[in-house]
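**Q** Pasting in a structure now, in structure tokens, and then I'll have a few things to ask.
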Amino acid sequence: MRFANIVALTFATAAFGAPSAKRQEQLNGNVFFCTEKDFTGVCARTPPTDDGCKGLDDTFNKNLSSFRIEPEGAFVCVLWSEADCQGSNVGAWIRAPVADLSTINFENTASSYQCKSA
């Protein structure tokens, strides 16, 4: 009887215990961004998640002037003008370092970013 209960619990756990949402996998590498062009000013380096949205904190929100992926080509990212990867974006996935976001008309505009495997 005890074995039957354990088997029943095992099947119940398998059926109901698995989350239905896609698990966010961390990408290999980091994003590096700064408040001034040419990767100067206040900077931060953080690992992104695959296809996950990350918001920028108060220091960087609407205050980014440079953005890059480390190592270059490890993944791609897009910047968004609003929180939760909403609003307008840069129009393409960023693959190479952007030392001056004004060259893509996005200086001091980003509030969040999204990255995915290349």
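The values are calculated or read from the model by the stated rules, or taken from the named source; none is laboratory data. Remember, it's a predicted structure, so these values are computed and weren't measured experimentally. Every residue, glycine among them, receives a Cβ derived from its backbone with ideal geometry; neighbour counts consider all protein chains shown.
**Q** Find all pairs meeting these conditions: Cβ atoms under 7 angstrom apart; at least six residues apart or on different chains; first residue within region 69-86 and more than 14 Å from CYS53 (Cα to Cα); second residue polar (S, T, N, Q) and not in a strand (DSSP E or B).
**A** Close Cβ pairs (under 7 Å, with a partner that is polar (S, T, N, Q) and not in a strand (DSSP E or B)) amount to ALA74/ASN28.
**Q** From the list ASN89, ASN105, ASN61, which residue is on the phi > 0 side of the Ramachandran plot and modelled with pLDDT of 95 or more?
**A** None of the other options fit; the residue is ASN105.
**Q** Can you work out which of the residues in region 76-115 that are outside any loop (DSSP other than H, G, I, E, B) and of a type in the set (S, T, N, Q) is farthest from GLU36 (Cα to Cα)?
**A** Only one residue fits best here, namely GLN86.
**Q** Taking region 23-40, which residues are over 16 Å from the mean Cα position of the chain (by Cα) and either modelled with pLDDT under 95 or loosely packed, with under 14 Cβ neighbours inside 10 Å (or both)?
**A** Those that are over 16 Å from the mean Cα position of the chain (by Cα) and either modelled with pLDDT under 95 or loosely packed, with under 14 Cβ neighbours inside 10 Å (or both): ASP38, THR40.
**Q** Would you mind telling me which numbered condition in (1) at pLDDT below 95; (2) surrounded by 15 or more Cβ atoms within 10 Å (Cβ to Cβ) ALA99 fails?
**A** The number of the failed condition is (1).
**Q** Provide a single number: the residues in region 33-75 that are in a strand (DSSP E or B), touching a Lys or Arg at 6+ places or on another chain (Cβ under 8 Å), closer than 17 Å to ALA118 by Cα and not charged (D, E, K, R).
**A** Qualifying residue count, region 33-75: 2.
**Q** If we scan region 42-65, do we find a residue that is free of Cβ contacts under 8 Å to residues at least 40 places away in the same chain, surrounded by fewer than 15 Cβ atoms within 10 Å (Cβ to Cβ) and touching a Ser or Thr at 6+ places or on another chain (Cβ under 6 Å)?
**A** yes
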